[in-house]
Amino acid sequence: MTVIAERERPDQVTSEDLDGVARSVLADAVHCAVAARTVAAYDWWKVLFALYPNSKPTHAGRPRDKALLREAMEPMFAPDDDTQAPRPCTFCGTPASVLWAKSMLPLFDTNKALNSLPPGMRGWPVCRGCRVAMWALPYGAWVTAGSATVLSCESPAAEYEFAARNVERARRIAHIGFSGLGAGARPELVALRALRAVDGGLSATTLWSFKNDNQEPWLRVTRTRRAVPRFLAIVDGNKVLRRGWRLMELALTQRDREGLVSADGAGEAARLVFEAEDGRSRSLLSQAHRLLWDTDRWTGGDRTALTRLAFRYEKEVHGMEPDLKGVATLIADWIEHGSGSPRGRLAEYRNAGLNGYQLGQLLYQAGYRLKLDGRKVEVDPAAWQPLIGKRPRAWEHRMLLGAEVLRVLGERGIEVAEPPEDPQERKRVEALLEQPVLAADDEYYFGGA
């Protein structure tokens, strides 16, 4: 509501601003509610239906005449009646005379839920400011045809940036529909770009994605750690880390059979720093581990960039800075000098690397194999403990160890497979890697490159 009113803070919004926001929201709702299904504006009606399924502009029995529908909706945002006995607003405590039921409020009980109102109450008291804000919500949210994602953050500046970006996008949807937008963009990317307003400080961020329809409502919550803005600022200012992030973006980009982007790598990379409330989310560390192992296309510099990105993430975001050099050197020595081929030993390590017991066995065998061959073995037994013990986040240490082993092998020039390389393709990728991270690509974001 603040963004639509062109103010900087909510407390700057005046009664006149409230009138203007209400008129704008009302005009869009009426316009899309009477639009034919084949018209682009109908896409905005889908957004409203997902959030307010039984309201006046989304009800199946709504009038299809603009004048009649506007007349029916205008009382929704009318000023409170001072002559009636006021009740405190459910959301802000301001005296309110209007009662709203669940059909008018996003993320409230659906028809499948029992009425949770207090006995004798016909609805929740909602003041005019909160009524307008409730219907301004989809403008400041990242919306699809069936859901909305809103952001809460310790930094009001980041919240404002997130809302401002989405207000511009919402206005385009209301005029040209979803088909005029880029495919595959994600709310996590918008949130990370908004976190630049934190300027490298500490700030926790939460994304709330929900659908409030009649039958199957749902809510998904994902969060970032407070140090994520600082981590992003460090990545943006370091060439090697920036390259690692761009490598991840390029690797996560998916295209359809026609070569068009179906999953934007920038958005997919942004998702990696958000942790789902139910634990069902990929982490940046696990993705870096997968990329390092599941492709032979990386150069030594690429592996170093991805490895340093993973280590820096653990240091800044989780406060972990494990010393894995000794154990990684032991494994690299064994891969280089042990019996059999380096490729076979690397595969053996890969199969055991994420299992604490199997990794312990491999370290035991590698150490004695090298010692029996007359080679120098120097490793602190205490360095084994975070890797083979059953302790919280031990899997992260094992993944970081894998990245460090690959880095050491790269430094030594030990290649187990060197695929042929297309110079033109490498030149193209190099140009992409030089681009800044989290760049605001308006053409893709709004127009679809």
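The values are calculated or read from the model by the stated rules, or taken from the named source; none is laboratory data. No experiment lies behind these values; they were computed from the predicted model shown. A quick note on method: Cβ atoms are made from the backbone with ideal geometry, for glycine too, and the neighbour counts reach across all protein chains shown. Protein only, heavy atoms only, side chains kept; ligands, DNA and RNA dropped before computing areas. Shrake-Rupley method; radii C 1.70, N 1.55, O 1.52, S 1.80 Å.
Below, the figures for the structure above:
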quantity	calculated
Hits in the stretch 256-288 - residues which are touching a Ser or Thr at 6+ places or on another chain (Cβ under 9 Å) and either open to solvent by less than 30 Å² (accessible area, probe 1.4 Å) or aliphatic (A, V, I, L, M) (or both)	VAL261, ALA263, ASP264, GLY265, ALA266, GLU268, LEU272, VAL273, PHE274, ALA276, ALA288
Long-range neighbours under 7 Å by Cβ, at least six apart or interchain, first residue among the aromatic types (Phe, Trp, Tyr) within the stretch 307-334, second part of a helix (DSSP H, G or I)	PHE311/LEU400; TYR313/PHE231; TYR313/LEU284; TYR313/LEU285; TRP334/ARG345; TRP334/ALA366; TRP334/ARG369; TRP334/LEU370
Verdict on VAL167 being among the β-branched types (Val, Ile, Thr), assigned to a helix (DSSP H, G or I) and crowded, with 16+ Cβ neighbours inside 10 Å	yes
Unique match (being among the charged types (D, E, K, R) and within 27 Å of the chain's Cα centre (by Cα)) among ARG122, ARG169	ARG169
Flag if ALA347 is over 30 Å from ASP236 (Cα atoms), hydrophobic (A, V, I, L, M, F, W, C) and out of contact with any helix residue (DSSP H, G or I) (no Cβ under 6 Å at 6 or more places or on another chain)	yes
Candidate set from the stretch 358-397 (those that are touching a Pro at 6+ places or on another chain (Cβ under 9 Å) and within 20 Å of LEU292 (Cβ to Cβ)); member that is most open to solvent (accessible area, probe 1.4 Å)	ARG393
Answer residue from the stretch 340-357, given it is over 16 Å from LEU400 (Cα atoms) and within 41 Å of the chain's Cα centre (by Cα) and is surrounded by the fewest Cβ atoms within 10 Å (Cβ to Cβ) among those	TYR357
Pair list, Cβ < 6 Å and 6+ apart or interchain, from the stretch 280-293 residues that are closer than 16 Å to THR224 by Cα to residues that are open to solvent by 10 Å² or more (accessible area, probe 1.4 Å)	SER281/GLU275; LEU285/MET399
Top-ranked residue of the stretch 199-220 - restricted to ones that are part of a loop (DSSP other than H, G, I, E, B) and of a type in the set (A, V, I, L, M), ranked as nearest to ALA163 (Cα to Cα)	ALA204
Any pair with Cβ under 9 angstrom, 6 or more apart, that starts in the stretch 73-94 at a residue that is farther than 15 Å from PRO125 by Cβ and ends at one that is of a type outside the set (A, V, I, L, M, F, W, C) and open to solvent by 80 Å² or more (accessible area, probe 1.4 Å)	MET73/LYS56; PHE77/ARG23
Residue within the stretch 312-319 that is small (Gly, Ala, Ser) and part of a helix (DSSP H, G or I) present	no
Test: residue in the stretch 56-66 that is outside any loop (DSSP other than H, G, I, E, B), touching a residue at least 12 places away in the same chain (Cβ under 8 Å) and open to solvent by 90 Å² or more (accessible area, probe 1.4 Å)	yes
Failed criterion for LYS102 (all others in (1) modelled with pLDDT of 85 or more; (2) under 30 Å from the mean Cα position of the chain (by Cα); (3) crowded, with 21+ Cβ neighbours inside 10 Å hold)	(1)
Failed item in (1) modelled with pLDDT under 90; (2) more than 25 Å from the chain's Cα centre (by Cα), with GLY180 passing the rest	(2)
Test: ALA158 is part of a helix (DSSP H, G or I) and under 17 Å from ARG230 (Cβ atoms)	yes
Lone unmet requirement of (1) at pLDDT 90 or above; (2) of a type outside the set (A, V, I, L, M, F, W, C); (3) open to solvent by less than 30 Å² (accessible area, probe 1.4 Å); (4) in a loop (DSSP other than H, G, I, E, B) for PRO53	(1)
